[in-house]
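Accompanying notes for the structure given below.
The values are calculated or read from the model by the stated rules, or taken from the named source; none is laboratory data. Quick caveat, the model's predicted, so the values are computed rather than measured. Cβ sites come from the backbone with ideal geometry, for glycine too, and all protein chains shown count toward neighbours.
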Ligand SMILES: [Zn+2]
């Protein structure tokens, strides 16, 4: 009887093997992939963390490595379809797509040694917001059509909890928008003014002396730079004064007033020009104006087909506010090819020159290292709205500006926790280590000494927890913090946990 039973089972198995039904592949899952971060942590369980820094600029991207599994019998190649799901603001490095519900990216792993390096980031959100939670889904399909789907959380730390505003008033003047009237549209005005305000929100500024009406003389071009008009401020102003004008040709630009006058503060000279002009040019027949300021819509802007007013003004006003030879400090920076700005060199890893037309060059070595973006045509991610970057701001300081160093894009990483609470043997213990600054997908580790027996430090969260069995006494431990910046320096801090 038993023999017969075995024979029946074997027959059934043989049949199943010899008749490969379409459902056979579906019943067998493809192998799961591993995802490692730059610290060789496997993020399969915890997931990953992004940050949306204070201010409207390109956020840091994080690099991850997707690896083929270290198991035998895998049917290569493996096709991998990634989606960063939850908001249109998520993006992957190219090649990839942006969609209304998140970014997608596909690649193939050809063998056990293969891997794919993926960069993930989130587009900035205008104004304040809450921390966000999205998900990374990864569908793997093997050569036989078997699939497996893995998901892991994407946490987004939103640093801008209260709206960041420029600390001095800005006046806008549209009286000379008489050629095309682009700025008659309230949406265009709002997008343009928001871009200007986004720039000034990064500056550390004190009030200036009042500029009397008519005192600030400037000029605005007509089409083809003909029929220039002479301008001056219509009313007194205390902060900055910005002229906007639309023209039909040949290009958009921006510049500071070149009248020899500089702002004063309590009668003392400052390096700042008193006013700025921004020219908007586009071909109305070929392109549409994109004026949405909803960051859920930003991915629909397209430099080839529409003129995204915010992105264009961010770029052109950049020439007015810093990237122009009429700023003595910037002219000097350009002359020295950036070799005297140690802060920029430390950030990017090498000097950043300025080209003949007042731009940070558009090729890859000059893309902002941490975000992978640039305010130009190409960068690591799909180019949509031109974004201000940390690199562009650090270089802009050469015009004479002072950045607000208390904003999160400029904070160096630091461990904030001052001391750790005492532990009691046999009683559950939990303490949260806290840090700020840098790129906050932190890695926490014990770098010296040891935690009392039974306590462990979570590398991702910085939480020390467990129930100790250690004898009464003092346990010195050195904690190391690394932020998610490959050029970052690990920090250490010494703590003592007393068991008693
Ligand atoms: Zn430009």
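Structural remarks
- Hits in segment 134-151 - residues which are surrounded by 15 or more Cβ atoms within 10 Å (Cβ to Cβ) and either touching a helix residue (DSSP H, G or I) at 6+ places or on another chain (Cβ under 9 Å) or closer than 30 Å to residue 204 by Cβ (or both): 142, 146, 147
- Of all residue pairs spaced 6 or more apart or on separate chains, those with beta-carbon atoms under 6 Å, a first member in segment 347-360 that is closer than 15 Å to residue 396 by Cβ and touching a residue at least 40 places away in the same chain (Cβ under 8 Å) and a second member that is assigned to a loop (DSSP other than H, G, I, E, B) and more than 11 Å from the ligand (Cβ to nearest atom) are 348/369; 352/338.
- Single residue of 255, 251 found to be within 16 Å of the ligand (Cβ to nearest atom) and touching a helix residue (DSSP H, G or I) at 6+ places or on another chain (Cβ under 8 Å): 255
- Apart from one condition, residue 493 fits all of (1) farther than 30 Å from residue 372 by Cα; (2) free of Cβ contacts under 8 Å to residues at least 60 places away in the same chain; the exception is (2).
- Residues satisfying the stated conditions in segment 56-90, i.e. buried (at least 23 other Cβ atoms within 10 Å of the Cβ) and in contact with a helix residue (DSSP H, G or I) (Cβ under 8 Å, 6 or more places away or on another chain): 56, 57, 58, 89
- Flag if residue 241 is touching a strand residue (DSSP E or B) at 6+ places or on another chain (Cβ under 9 Å), within 16 Å of the ligand (Cβ to nearest atom) and in the same structural domain as residue 287 (by TED's automatic domain parsing): no
- When residue 323 is tested against (1) surrounded by fewer than 22 Cβ atoms within 10 Å (Cβ to Cβ); (2) out of contact with any strand residue (DSSP E or B) (no Cβ under 7 Å at 6 or more places or on another chain), just one condition goes unmet, and that condition is (1).
- Complete set of residues in segment 114-133 that are in a strand (DSSP E or B) and surrounded by fewer than 20 Cβ atoms within 10 Å (Cβ to Cβ): 115, 116, 117, 119, 132, 133
- Single unsatisfied condition, residue 396 versus (1) surrounded by fewer than 22 Cβ atoms within 10 Å (Cβ to Cβ); (2) closer than 30 Å to residue 161 by Cβ; (3) modelled with pLDDT of 95 or more; (4) touching a helix residue (DSSP H, G or I) at 6+ places or on another chain (Cβ under 8 Å): (1)
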